[in-house]
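Here's the structure we're looking at; comments come further down.
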Amino acid sequence: MNHWLIFFVNSIGLGIGLAMDAFSVSLANGLKAPTMKRCRICLIAGVFAFFQFIMPLIGWILVKNILHIFQQFEILIPWVSLTLLFFIGIHMILESLKSQNNSEQEDESCTLGFSTLILQGIATSIDALSVGFTMANYNLSLALGSSIIIAIVTFFICIGGLLLGKKFGTKLAGKGSFFGGIILIIIGIEIFVTGLFF
């Protein structure tokens, strides 16, 4: 029971941490479309959630195939997990500190066509591909379950971001990325300690 609770909490934490880039973009999108309808909000959040679902699975498939060939490297998984999540977290924190310079990028998303939305979805989910590498000790059902939880969390966070963006603009975007980075670093440390000592 404790194992399932840790799995569930970790998956939610990963979802929150990974969704912060999409949350920031959703804030910007909401700011630029104050009359956005509910179906449009759900579409945008759904696209972000889809990419956050598929990217960890792709990463998991890749690392599973690598481990099948190089099983002697399995002992390195906690180190790889810590390194990847620490790097991603630090990158998100640094990006949030440079948020003052992102006004030009936000202006480019004023006209949010479907192709732009797809590009946003891919750009905000690249980190999730790397996180899939940290799931190497999961079987298919666990990897699928974790990816679904990440997608659901992303969906609701993006809806919140779009609604907040419509009312308050992008002031929370930098803070969202900052706290998302901290969450990913904490999860990386937890995976490292669990994998190395338990």
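Quick notes on this one:
- Checked against the criteria, residue 19 does not count as more than 13 Å from residue 131 (Cβ to Cβ) and either hydroxyl-bearing (Ser, Thr, Tyr) or part of a helix (DSSP H, G or I) (or both).
- Of all residues in the range 107-114, none are modelled with pLDDT of 75 or more, surrounded by 13 or more Cβ atoms within 10 Å (Cβ to Cβ) and closer than 30 Å to residue 43 by Cα.
- Pick from the range 28-86, criterion under 21 Å from residue 10 (Cβ atoms) and of a type in the set (Gly, Ala, Ser), ranking: modelled with the lowest pLDDT: 81
- Only one entry of 58, 54 meets the criterion of being farther than 19 Å from residue 115 by Cβ, of a type in the set (A, V, I, L, M, F, W, C) and open to solvent by 20 Å² or more (accessible area, probe 1.4 Å), and that entry is 58.
- The sole residue among 147, 125, 177 that is under 11 Å from the mean Cα position of the chain (by Cα), surrounded by 15 or more Cβ atoms within 10 Å (Cβ to Cβ) and at pLDDT below 80 is 177.
- Residues considered: 164, 184, 117. Of these, the only one that is open to solvent by less than 80 Å² (accessible area, probe 1.4 Å), of a type in the set (A, V, I, L, M, F, W, C) and modelled with pLDDT under 85 is 184.
- Test: residue in the range 14-24 that is farther than 13 Å from residue 157 by Cα and either modelled with pLDDT under 85 or open to solvent by less than 10 Å² (accessible area, probe 1.4 Å) (or both): no
The values are calculated or read from the model by the stated rules, or taken from the named source; none is laboratory data. Since we're looking at a predicted model, the values are computed, not measured. Neighbour counts run over all protein chains shown; Cβ positions are idealised from the backbone, glycine included. Please note that ligands, DNA and RNA were not included when accessible areas were found on the heavy atoms of the full protein model with its side chains. Shrake-Rupley method; radii C 1.70, N 1.55, O 1.52, S 1.80 Å.
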